[in-house]
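J.: Quick one: the structure is below, questions incoming.
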Amino acid sequence: MNPSVAVSHTSRTWRTLALGDTRLWRTLHLDGEIDEGRAEAKALLWAERATTDGPRPSAGAAPVADEPSGVSSLVVTRAQDWSPDEFAYLCDALDLMDLVQLRRARISWHGGGVAADEQRQLQSFLSLIVSSASTLAALTIHTPAHLRILFSLPRLGHTFAHLEDFEIRSCKSSTRSTDVYLVPSFLPRFAGEQDWAPLAHLRRLVVVGPIWRLRFPDGTVVSPVLGWEDVPALEYAHLGATTPPTHWDLLSHASGTLRHLVLENFVSDHRHLDDPDVATVFPRLHTLELVNSGPLATRLLDLAVGQPRSSSAPLAPLDDAAPPLLALPHLRHLSLVGTLLRPAHLALFARSTAPVLERLDLRLTLSLEPDIRLALPLLLGEHLHTLVLPARAWVVPAEVVELLERGGAPGLRRLEWRGAAARGDEVDEPGEAAWTPLQRWVLQDRGVELVMDGGEG
């Protein structure tokens, strides 16, 4: 049952409170399976209760925030359970209800239907939220199809100028699925490209899966480019390999606001491009995740370990044979899933270079040179509470136990022992030994929870 409805049916007092506080009704959640035939009636009820001044809360209760009343969030799930005509009619009905002050909108499909259905539904949904262009701050689209977008992100931002959070995920091109094309017919016409303004308020951008293309009347097809000047306030970026080519600009911008960077499924290291300025960008990051982006991740880490050491960074003395390291004073979450590593890369995670690191994910990692053995740094930071290691690869339980007994990672509370990393059909031999009862006892004695594939350790 919907929480707002449940509250209003608990008791007479709770019903008075629920009907008197419009904040409980400002999120309208429509599900194709649950609400299919009564979605319009539900929307009418929500719109009424989100705007009507009902009985006020009793004395001493927290006052209702002084903000515009009405439905401010629209969430549509299992959209495939509506036919295209039914969904278009529903969007028209919602438009007539004057839901023109939406701040958040979200739509998702969970498989099923045909490509033409999803394409029409998406166009209907986006046409609906254009009426909220002046207030919309967050837009989320999740689709199991291959989404092909025939306009650039700044073109969308030209209409939704107040977007702060934009997330769009679709099926990867390597997975079998249908094609859905998103054309800009729902966007108001404008004078020309020179009128595009930057997405000045965009702070969070997630674009994983869709393919972006621009088609011109002469038949030319190009990929749009997203520059840092288009997203000057961006703080969080999660980008897939088919994203408009912007990650290189993000990695090289000297005065950017980026604090969280996730790159996923990049199979190329872009050798044809000059080296990015990781010495400027990496020290500012709080989150760095390089997921299934082996060549690119290796190149970026090589740049990091080869950079001159910052004179102001509080680094412990390094061995004379070790390369100079880049200080990462703000880094809290680091993920290098599926990366080929060198021993020098692992030194980046030590207490001296990443003093506030809280979570380190090394699953599916391997040594870049098979004949060179990798080893964890013995001085991991005291803030590290979660460590994810590749089972049956280059890590052995005895080394983890030694790390803890020598004072490394004193704050560790969770150790995840995840799937093996394979090179072709081979799996690295070191690390195949199972955890012995004594090794498990050492972890338990230090308050460390051991979690392995298939359940708890």
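J.: Scan segment 141-182 for residues that are β-branched (Val, Ile, Thr), more than 18 Å from the chain's Cα centre (by Cα) and at pLDDT 85 or above and report the count.
T.: Final tally of qualifying residues: 3.
J.: Tally time: how many residues in segment 322-373 are among the acidic types (Asp, Glu) and under 22 Å from residue 260 (Cα atoms)?
T.: 2
J.: Can you tell me which residues in segment 418-439 are in contact with a Pro (Cβ under 9 Å, 6 or more places away or on another chain) and modelled with pLDDT of 90 or more?
T.: Result: 439, single match.
J.: Separate question: Can you pull out the residues in segment 14-54 that are in a helix (DSSP H, G or I) and of a type in the set (Gly, Ala, Ser)?
T.: 18, 20, 32, 37, 39, 41, 43, 47
J.: Name the single residue that is farthest from the chain's Cα centre (by Cα) among those in segment 185-242 being among the β-branched types (Val, Ile, Thr) and at pLDDT below 85.
T.: 220
J.: Evaluate the following for residue 137: is it surrounded by fewer than 23 Cβ atoms within 10 Å (Cβ to Cβ), closer than 21 Å to residue 234 by Cα and of a type in the set (A, V, I, L, M)?
T.: Against the criterion (surrounded by fewer than 23 Cβ atoms within 10 Å (Cβ to Cβ), closer than 21 Å to residue 234 by Cα and of a type in the set (A, V, I, L, M)), residue 137 qualifies.
J.: Working only within segment 25-46, note down all residues that are surrounded by 19 or more Cβ atoms within 10 Å (Cβ to Cβ) and not acidic (Asp, Glu).
T.: Answer for segment 25-46, where residues must be surrounded by 19 or more Cβ atoms within 10 Å (Cβ to Cβ) and not acidic (Asp, Glu): 25, 26, 28, 30, 32, 39, 43, 46.
J.: Only residues that are at pLDDT below 85 and either buried (at least 17 other Cβ atoms within 10 Å of the Cβ) or of a type in the set (Phe, Trp, Tyr) (or both): list them for segment 367-379, please.
T.: Answer for segment 367-379, where residues must be at pLDDT below 85 and either buried (at least 17 other Cβ atoms within 10 Å of the Cβ) or of a type in the set (Phe, Trp, Tyr) (or both): 377, 379.
J.: Take the residues in segment 96-135 that are closer than 19 Å to residue 176 by Cα and outside any helix (DSSP H, G or I); name whichever of them is modelled with the highest pLDDT.
T.: Residue satisfying both the conditions and the ranking: 108.
J.: Can you name the residue in segment 145-166 that is part of a loop (DSSP other than H, G, I, E, B) and touching a strand residue (DSSP E or B) at 6+ places or on another chain (Cβ under 9 Å) and, of all such residues, is nearest to residue 211 (Cα to Cα)?
T.: Looking at the filtered set, the residue picked out is 150.
J.: While we're looking at this one, here's another question. Determine, yes or no, whether residue 357 is closer than 24 Å to residue 306 by Cα and buried (at least 22 other Cβ atoms within 10 Å of the Cβ).
T.: yes
The values are calculated or read from the model by the stated rules, or taken from the named source; none is laboratory data. All values derive from a computational prediction rather than experimental measurement. Here Cβ is always computed from backbone atoms with ideal geometry, including for glycine, and neighbour counts include all displayed protein chains.
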